[in-house]
Every structure is written in structure tokens, then in C-alpha cells.
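A short worksheet on the structure shown next.
The values are calculated or read from the model by the stated rules, or taken from the named source; none is laboratory data. Please read all numbers here as calculations on a predicted model, not as lab measurements. Glycine gets a Cβ as well: all are built from the backbone with ideal geometry, and neighbour counts include every protein chain shown.
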Number of protein chains: 2
Amino acid sequence: MENTCDTRQRILDSARDLIYANSYAEVGVAAICDHAGVKKGSFYHFFPSKQELVLAMLDAFYLDMKERLGDKAFIDELPPLARLERFTQLAYEFQLQLHQTTGMVLGCPFGNLANEVSTHDEVIRARLEQIFKKFHTLIRNTLEEANDSGTLNHINADATAQAMLAYFEGVMLMAKNQNNTDVIKQLLPAMSSIRIHNN
Amino acid sequence: MENTCDTRQRILDSARDLIYANSYAEVGVAAICDHAGVKKGSFYHFFPSKQELVLAMLDAFYLDMKERLGDKAFIDELPPLARLERFTQLAYEFQLQLHQTTGMVLGCPFGNLANEVSTHDEVIRARLEQIFKKFHTLIRNTLEEANDSGTLNHINADATAQAMLAYFEGVMLMAKNQNNTDVIKQLLPAMSSIRIHNN
DNA sequence: ATTATAGTTGACTGATCGGTCAAGTCAATA
DNA sequence: TATTGACTTGACCGATCAGTCAACTATAAT
């Protein structure tokens, strides 16, 4: 045919579509193959297992989200706290667009998977922890920069960054459960005002 | 044998144990029956479907959590904000005990299920939304009481209660993903200091 | 032209999925 | 004692699960 890596990419895209909109356990390899227009034999030529596919999908998903959200929000041109506000705004717009397309609030792809597999798939659990740690570092660095410039006083940047990340995930979960993007619109902006102080 | 309703209760307990520790999709009816010491035919004598079992399990789980956490924390003897602090403390101790028993941080049973099924099981999704609404009302009433007594000024009690609930769920998710109760210990107390103001 | 390699195909495996069913046990009622 | 109805049992259903495999095609290097 034309392209050798096209099949692999189609499988990754299909897995992303289906697993994000449903769940890891609900979406079978056969469904991923059907949606990708690929036979099951080809699937196992490119990926040794469903688990390995999901790991590859997560890495690609992280890069995409980093480009679409992280790299657009955490820029030096903005004051530190404004970066957090832009991040929440971009995340809201992302969910809004998905909701218009699919009719569902899908929430955070990493939070979804973390909730599902953390207790019984150590490999995927650890990969998701890595991904969360990268987002955590983005936020923590921003808070430390604000700390240094005197914008904040004596906050625990590490704990506050974790708290903001947790709040983000919680808001996404509530919006997903209510299938309502207004939840994000109303609650998420408060993320940047969360503070955890030393002692 | 001895007790007619014992079987039904054993099935409910088994489902609670297994689904809470894993997930809805991962735990099959056969596994629930094995763990309950019951044959599959008996299962379908008491429950018409796996979905109906989960609905019954959720109702029982809610009542249990309300007794163990809600009724112990939201009491008139405590000042409003102290109730929230007691709630977070009791939730932490609950997770700590489960972690010692199972070796895993299991998070919030309702959040876990909500994340898994909200996009593809409307019945369970709606039941979970009801349960969240009850917890939301508990928190909102507490905040309004604090508002009336002048402890707080001009906060949006409804939105703040939702934000606290979201934060609670997010903290539980992060602790589950890191399999570390210290996350709860460090982050959850900040729940009661979250504020969303009008306008 | 021959060979090696990458990718494709569809049939196949054993296990498990949620759910069904007829036959049976048992205690209470009539 | 006969009958009823709640409960139990184990075999069974078609569908689907993740994963395998030998045969096949197409491309590229020798």
C-alpha cells in the first residue's frame, strides 16, 4: 500500500477515540480494530498486547494535550497566575468542543484511566503517575515563580500544585457525571485560587 | 437452610468488596457469586441483572457511608466549619483503614463508579448523580449556616459546596493513583478552605 | 531474478462474559 | 397429607474476550 506507519497510527487514533469516550475494559481489541479499519492480526503485528497499545496511546495523548493546553498556557509572556487561568480556560474550551462533537462530557483522559486501572494494573498506573507528575511540575514551577516575584506569600508550592491538580481532576469528574460543561465553567476558575500554606 | 435474606445480603457484600476494589467491568457476575459462596442461578433469583445489583449495592453503600461519615461529622454540636474538618478527617481514617486491610488506596466508591460508567450507562450515572447531590446538600446546608452566623461573607454556598465535593473526589483520585494515603493527609484538610464568591 | 523482510488477512483458540432454564430441595400453609 | 411458592443447583446459551498462527502479498535489497 502507501504508508507503513499509517496502520499503526490509525490503531492509536482509534484506541484514543474509543477508550477516551468509554473505558479501557469496555472497549475490546476487536472494536478498536473495526473502528480503525484494520484486522486483528495487524493489530498484534504492531502491538504485543492491549496493555502496550494503551501505554503508547497515553504517551501520544500526553504529547497532544501538552501542545494544546500546556504549551499554550504556561508561557513566559504571561504573569504566573495568569498562566493558570489560561490553562483552566483552555481546558474548558477543550471539553466544550468534545461535548459538541460527542454529546458527552468526557473529562480528563488520564484521570479516567487512572481511576479505572490504578488498583489492578501496576504498569499503566505507574505511567499515569508519571504523566500527572509532569503536569504537577508545570504548575509547581509556575507557583514558585510567583512566590519568588512576591505575588504569593509563604505558600507550599509543591502541595498547592498537587491540590490544584486534584481539584482539576475532581471538577472534570463531576462535570462528566452530570454530563454538563457548565460545571467546569463555574468551578474550574477557582483552581488558581487554591492555596496550601507551610505548616 | 437457615436464613432467606442472607443470600441476597452476601451477594451485596461480595459485590461491594470486589467492585470497590476493582471496577464494574472487571468484576464479573461469576466472581461475585464465587466470593459470596452462591451459585449463579441464585444470583439471578434475587437480581434481574448485574446493573440492578449495582444499583442496590450503591444504595446500601450510600447509607453505610452516610452513617460512618456524614452522621458523625455533620452534627449540630459542632460549629459549621468544624463539621467539614471532621468530615475530611473521618474520610482520611476510612481510607487509611482500607489501605491497611487491602494494601490499596481505593478512593471514593461513588467517584470510581461515576468515572467508569457515566458515559455509557445512563441509569447508574443518574443514580450516582443523586448520591452526589445528597452529599452536596449536606455541605451546602453547612455553608449556609456558617454564612448566616456571619462566619463567612458573601460566598456562593451552592458553588462552594460543589467545589469542595469536586476537590474531595480529586484528592481521592490522586491518592488512589499514587497508592498513598499521605496524599489525603496532606491535601484533604484544605477542602474546608475552598471558597467561591458571588460574581 | 532471487531472497529477505514488513505487513496483511481471516480463521482459529480456550476462557470468560451476562444471562437462562428445568429440575430439584425445603418449609410453611391448607 | 397434598400443595404451594421461595430458594438452590448445575448445566447450558450465544456472544465476546485477548491473543495466535500459518498462509499470503508487496516491497526492497542483493
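Every condition in (1) within 14 Å of chain A (Cβ to nearest Cβ); (2) within 16 Å of DNA strand C (Cβ to nearest atom); (3) more than 26 Å from B:L138 (Cα to Cα) is met by B:H99 except one, and the failing one is (2).
For the residues A:G150, A:G170, the requirement of being on the phi > 0 side of the Ramachandran plot and in the same structural domain as A:P79 (by TED's automatic domain parsing) singles out A:G150.
Quick check: is even one residue across the stretch A:53-65 away from DNA strand C (no atom under 14 Å from the Cβ), of a type in the set (G, A, S) and within 27 Å of B:A114 (Cα to Cα)? Yes, the conditions are met somewhere in the stretch A:53-65.
The residue that is surrounded by the fewest Cβ atoms within 10 Å (Cβ to Cβ), counting only those in the stretch A:148-199 that are free of Cβ contacts under 8 Å to residues at least 12 places away in the same chain and either of a type in the set (K, R) or facing chain B (nearest Cβ under 7 Å) (or both), is A:Q186.
Looking across the stretch A:50-76 at every residue that is over 12 Å from the mean Cα position of the chain (by Cα) and among the small types (G, A, S), the one that is surrounded by the most Cβ atoms within 10 Å (Cβ to Cβ) is identified as A:A73. The residues of the stretch A:11-38 that are buried (at least 18 other Cβ atoms within 10 Å of the Cβ), more than 10 Å from DNA strand D (Cβ to nearest atom) and away from every other protein chain (no Cβ under 14 Å), listed by number, are A:I11, A:L12, A:S14, A:A15, A:R16, A:A36, A:V38.
Scanning the stretch B:39-53 finds no residues that are aromatic (F, W, Y) and either more than 16 Å from DNA strand D (Cβ to nearest atom) or within 14 Å of chain A (Cβ to nearest Cβ) (or both).
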